[in-house]
Amino acid sequence: MVSQLEVRRQVFHILSGVFLVTLLAHNIITKFFLLILLIGAFTFSIVSLKSKIPLITWILRKFDRKDSAFPALGAISYLIGCILVLYIFPKDIAY
(Lines give C-alpha, C1' and ligand atoms only; values in the text may rest on other atoms or scores of the structure.)
Protein backbone atom coordinates (compact mmCIF):
# COMPACT_ATOMS: atom_id res chain seq x y z
CA MET A 1 0.00 0.00 0.00
CA VAL A 2 1.21 3.49 -0.87
CA SER A 3 1.81 5.84 2.05
CA GLN A 4 0.20 9.26 2.40
CA LEU A 5 3.63 10.85 2.06
CA GLU A 6 4.19 9.26 -1.35
CA VAL A 7 0.74 10.31 -2.57
CA ARG A 8 1.43 13.88 -1.40
CA ARG A 9 4.81 13.84 -3.14
CA GLN A 10 3.41 12.54 -6.43
CA VAL A 11 0.55 15.06 -6.45
CA PHE A 12 3.09 17.82 -5.74
CA HIS A 13 5.28 16.61 -8.64
CA ILE A 14 2.36 16.58 -11.06
CA LEU A 15 1.10 20.00 -10.03
CA SER A 16 4.54 21.60 -10.03
CA GLY A 17 5.26 20.12 -13.47
CA VAL A 18 2.04 21.51 -14.94
CA PHE A 19 2.71 24.84 -13.23
CA LEU A 20 6.29 25.04 -14.57
CA VAL A 21 5.26 24.15 -18.12
CA THR A 22 2.47 26.74 -18.03
CA LEU A 23 4.80 29.47 -16.76
CA LEU A 24 7.50 28.58 -19.29
CA ALA A 25 5.05 28.34 -22.21
CA HIS A 26 3.67 31.81 -21.44
CA ASN A 27 7.19 33.25 -21.02
CA ILE A 28 6.49 34.20 -17.40
CA ILE A 29 9.70 32.46 -16.30
CA THR A 30 12.80 31.40 -18.20
CA LYS A 31 15.34 28.59 -18.04
CA PHE A 32 17.68 31.01 -16.28
CA PHE A 33 15.06 31.58 -13.56
CA LEU A 34 15.00 27.82 -12.96
CA LEU A 35 18.78 27.88 -12.50
CA ILE A 36 18.39 30.62 -9.89
CA LEU A 37 15.60 28.59 -8.24
CA LEU A 38 17.92 25.57 -8.14
CA ILE A 39 20.65 27.59 -6.45
CA GLY A 40 18.09 28.87 -3.92
CA ALA A 41 16.79 25.35 -3.23
CA PHE A 42 20.32 24.05 -2.73
CA THR A 43 21.12 26.97 -0.41
CA PHE A 44 17.97 26.40 1.67
CA SER A 45 18.83 22.71 1.84
CA ILE A 46 22.28 23.41 3.24
CA VAL A 47 20.98 26.04 5.69
CA SER A 48 18.19 23.75 6.88
CA LEU A 49 20.80 21.22 8.00
CA LYS A 50 22.00 23.69 10.64
CA SER A 51 18.88 25.65 11.53
CA LYS A 52 15.11 25.61 11.17
CA ILE A 53 13.59 28.00 8.64
CA PRO A 54 9.86 28.22 9.52
CA LEU A 55 8.16 27.70 6.13
CA ILE A 56 10.94 25.57 4.62
CA THR A 57 11.01 23.25 7.64
CA TRP A 58 7.23 22.74 7.42
CA ILE A 59 7.41 21.97 3.68
CA LEU A 60 10.27 19.53 4.18
CA ARG A 61 8.39 17.80 7.01
CA LYS A 62 5.29 17.39 4.83
CA PHE A 63 6.94 16.36 1.53
CA ASP A 64 10.52 15.18 2.05
CA ARG A 65 11.41 11.53 2.52
CA LYS A 66 12.83 10.76 5.92
CA ASP A 67 15.68 8.63 4.55
CA SER A 68 17.05 11.12 1.98
CA ALA A 69 20.75 11.94 2.07
CA PHE A 70 20.08 15.64 2.65
CA PRO A 71 17.00 17.88 2.86
CA ALA A 72 15.10 18.61 -0.37
CA LEU A 73 17.09 16.07 -2.38
CA GLY A 74 13.97 15.15 -4.36
CA ALA A 75 13.12 18.77 -5.18
CA ILE A 76 16.69 19.53 -6.21
CA SER A 77 16.83 16.43 -8.42
CA TYR A 78 13.48 17.38 -9.96
CA LEU A 79 14.73 20.88 -10.79
CA ILE A 80 17.97 19.52 -12.25
CA GLY A 81 15.94 17.19 -14.47
CA CYS A 82 13.68 20.02 -15.63
CA ILE A 83 16.62 22.28 -16.39
CA LEU A 84 18.53 19.60 -18.30
CA VAL A 85 15.50 18.73 -20.42
CA LEU A 86 14.90 22.41 -21.23
CA TYR A 87 18.54 22.97 -22.26
CA ILE A 88 18.94 19.73 -24.23
CA PHE A 89 15.67 19.51 -26.15
CA PRO A 90 13.62 21.97 -28.20
CA LYS A 91 10.66 23.53 -26.36
CA ASP A 92 7.97 21.39 -27.99
CA ILE A 93 9.73 18.19 -26.95
CA ALA A 94 10.78 19.44 -23.52
CA TYR A 95 7.27 20.52 -22.59
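The lysines within cross-link reach of residue 50, meaning a Cα-to-Cα straight distance under 22 Å and a gap of 8 or more places when in the same chain, are 62, 66. Taken about its Cα centre, the chain carries a charge dipole of about 300 debye when Lys and Arg each add +1 at the Cβ and Asp and Glu each add -1 at the Cβ. Over the Cα atoms of the range 26-69, the radius of gyration divided by the Kirkwood radius equals 1.07; this is the Rg/Rh ratio. In the chain, the portion of solvent-accessible area held by carbon and sulfur atoms comes to 74 percent [1.4 Å probe, whole percent, DNA, RNA and ligands not counted]. Trypsin sites (Lys or Arg not before Pro) within the range 64-95: which are DSSP loop residues with at most 16 other Cβ atoms inside 10 Å? Loop-located and lightly packed - 65, 66.
Given the Cα-Cα distance of residue 73 and residue 46 and 0.36 nm per residue of separation, how much length would full extension add, in nm?
Numbers: separation 27, 0.36 × 27 = 9.72 nm, distance 1.06 nm.
Working it through step by step, the gained length comes to 8.7 nm.
Summed over the residues of the chain and divided among them, the accessible surface reaches 73 Å² per residue at a probe radius of 1.4 Å.
Mean residue ellipticity at 222 nm from the helices of the chain, using -39,500 (n - 2.57) per DSSP H segment of n ≥ 4 over the full residue count, to the nearest 500 deg cm²/dmol? Show your work: numbers first, answer last.
Values: 5 runs with 72 residues, N = 95.
One gets -24500 deg cm²/dmol as the mean residue ellipticity at 222 nm.
Compactness of the chain is given as radius of gyration and Dmax, 14.3, 41 Å, from Cα positions.
The values are calculated or read from the model by the stated rules, or taken from the named source; none is laboratory data. None of these values were measured; they are calculated from a predicted model. Every residue, glycine among them, receives a Cβ derived from its backbone with ideal geometry; neighbour counts consider all protein chains shown. Areas reflect the complete protein model, heavy atoms only, side chains present, ligands, DNA and RNA absent. Shrake-Rupley method; radii C 1.70, N 1.55, O 1.52, S 1.80 Å.
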